[in-house]
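These notes are about the structure you will find just below.
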Amino acid sequence: MAKTIIFLGPPGAGKGTQAQNLTEKGFIQISTGDILREAVRNETELGKKAKEYMDAGKLVPDELIVSIIKEKLKELENKDIILDGFPRTIPQAEALDKMLPELGRKVDVVILFEIEDDEVVNRLSGRRIDPKTGKVYHVVYNPPPENVDVIQRDDDKEEVIRKRLEVYHQQTAPLVEYYKEKNKLFPINASESPDIIYKTILSVIE
């Protein structure tokens with residue numbers, strides 16, 4: 001049976017980096033935002049419905065997101081996947097639990113990236129972008145060359161990051177309990193070096 005892994009964790013915890021690493025092992029990363037945009041771009045029936053909500057500045061309802069993800073999973077029937085950014089709420093998690101068996105899948109493990117809020121703020125608020133090339137730098141870990149003019153994106157400003165973290169904690173705390181009760185949750189220390197985190201994840205999924 002193809003593996004289905006869920007990554008839970010705040011923005012800036014390193015989920016994207018680890019998902020990238022796992023793609024080298026044949027995993028496919030599924031991010032809700034990407035799938036929604038793809039469905040809208042391809043003008044699928046579900047994509048058109050989602051676009052109506054997005055154009056009106058409304059949240060796309062759970063059942064529509066679940067249907068779009070189901071459509072995507074049907075395309076990937078024998079592939080190992082990582083769900084990143086989904087589920088975000090208990091109703092989404094319950095819908096996922098109902099849907100996966102229909103596709104011959106189950107949630108294998110939920111990896112929780114644990115990290116202090118202050119560290120997330122340091123990581124994200126230090127990001128700078130070269131608007132010409134799109135290259136991302138960090139004032140501490142990867143400073144831009146002197147001749148490069150960089151900018152800070154609005155969503156990398158401290159007050160915005162703290163707001164995002166607040167929303168994350170409200171939404172995700174119940175999910176942590178949900179998967180803990182199902183014995184699916186595996187917490188990892190997301191402050192470790194990316195190499196150590198990657199080795200830990202590999203040992204968990206293998």
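The values are calculated or read from the model by the stated rules, or taken from the named source; none is laboratory data. Since this is a predicted model, take the numbers as computed values, not measurements. Quick reminder, even Gly has a Cβ in these numbers, built from the backbone with ideal geometry, and neighbours come from all protein chains shown.
Screening Val204, Val160 for residues that are surrounded by 11 or more Cβ atoms within 10 Å (Cβ to Cβ), of a type in the set (Val, Ile, Thr), touching a helix residue (DSSP H, G or I) at 6+ places or on another chain (Cβ under 7 Å) and at pLDDT below 95 leaves exactly one candidate, Val160.
Of all the criteria given as (1) over 18 Å from the mean Cα position of the chain (by Cα); (2) loosely packed, with under 15 Cβ neighbours inside 10 Å; (3) more than 23 Å from Gln171 (Cα to Cα), the one not satisfied by Gly47 is (2). One residue stands out in the range 163-194 among those that are of a type in the set (Asp, Glu) and farther than 23 Å from Val139 by Cβ: the one that is surrounded by the fewest Cβ atoms within 10 Å (Cβ to Cβ), namely Glu181.
Hey, could you check the range 180-206 for residues that are assigned to a loop (DSSP other than H, G, I, E, B) and among the small types (Gly, Ala, Ser) and say which is nearest to Met1 (Cα to Cα)? Give the derivation first.
If we filter the range 180-206 for residues that are assigned to a loop (DSSP other than H, G, I, E, B), which is where we start, we get 182-184, 190-193, 206.
Subsequent filtering for residues that are among the small types (Gly, Ala, Ser) retains 190-191, 193.
Working: Ala190: 28, Ser191: 32, Ser193: 31 Å.
Across the range 180-206, the extreme among qualifying residues is Ala190.
Note on the range 8-37: among residues that are within 15 Å of Val66 (Cα to Cα) and free of Cβ contacts under 8 Å to residues at least 24 places away in the same chain, the one that is surrounded by the most Cβ atoms within 10 Å (Cβ to Cβ) is Arg37.
Could you grab me the full set of residues in the range 156-166 that are assigned to a helix (DSSP H, G or I) and in contact (Cβ under 8 Å) with a residue 12 or more places away in the chain? Steps first, please.
Within the range 156-166, the subset assigned to a helix (DSSP H, G or I) is 156, 158-166.
Of everything in the range 156-166, those that are assigned to a helix (DSSP H, G or I) and in contact (Cβ under 8 Å) with a residue 12 or more places away in the chain turn out to be Asp156, Glu158, Ile161, Arg162, Arg164, Leu165.
Restrict the check to the range 167-179 and report whether at least one residue is more than 26 Å from Ile81 (Cβ to Cβ), free of Cβ contacts under 8 Å to residues at least 60 places away in the same chain and in a loop (DSSP other than H, G, I, E, B). No, because not a single residue in the range 167-179 is more than 26 Å from Ile81 (Cβ to Cβ), free of Cβ contacts under 8 Å to residues at least 60 places away in the same chain and in a loop (DSSP other than H, G, I, E, B).
If you check Ile68 against the conditions, is it closer than 30 Å to Val136 by Cα, surrounded by 12 or more Cβ atoms within 10 Å (Cβ to Cβ) and aliphatic (A, V, I, L, M)? No: the conditions fail for Ile68. When the range 106-155 is limited to residues that are assigned to a helix (DSSP H, G or I) and modelled with pLDDT under 90, the one that is farthest from the chain's Cα centre (by Cα) turns out to be Asp154. When Ile90 is tested against (1) out of contact with any strand residue (DSSP E or B) (no Cβ under 8 Å at 6 or more places or on another chain); (2) in contact (Cβ under 8 Å) with a residue 60 or more places away in the chain; (3) more than 22 Å from Leu165 (Cβ to Cβ), only condition (3) is not met. Residues Ile115, Ile201, Ile197: which one is out of contact with any strand residue (DSSP E or B) (no Cβ under 7 Å at 6 or more places or on another chain), in contact (Cβ under 8 Å) with a residue 60 or more places away in the chain and of a type in the set (A, V, I, L, M, F, W, C)? When all the criteria are applied, what remains is Ile115.
Conditions (1) part of a helix (DSSP H, G or I); (2) farther than 21 Å from Asp155 by Cα; (3) not basic (Lys, Arg), marked per residue:
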{"residue": "Ile5", "(1), (2), (3)": "no, yes, yes"}
{"residue": "Thr17", "(1), (2), (3)": "yes, no, yes"}
{"residue": "Lys49", "(1), (2), (3)": "yes, yes, no"}
{"residue": "Lys58", "(1), (2), (3)": "no, no, no"}
{"residue": "Ile65", "(1), (2), (3)": "yes, yes, yes"}
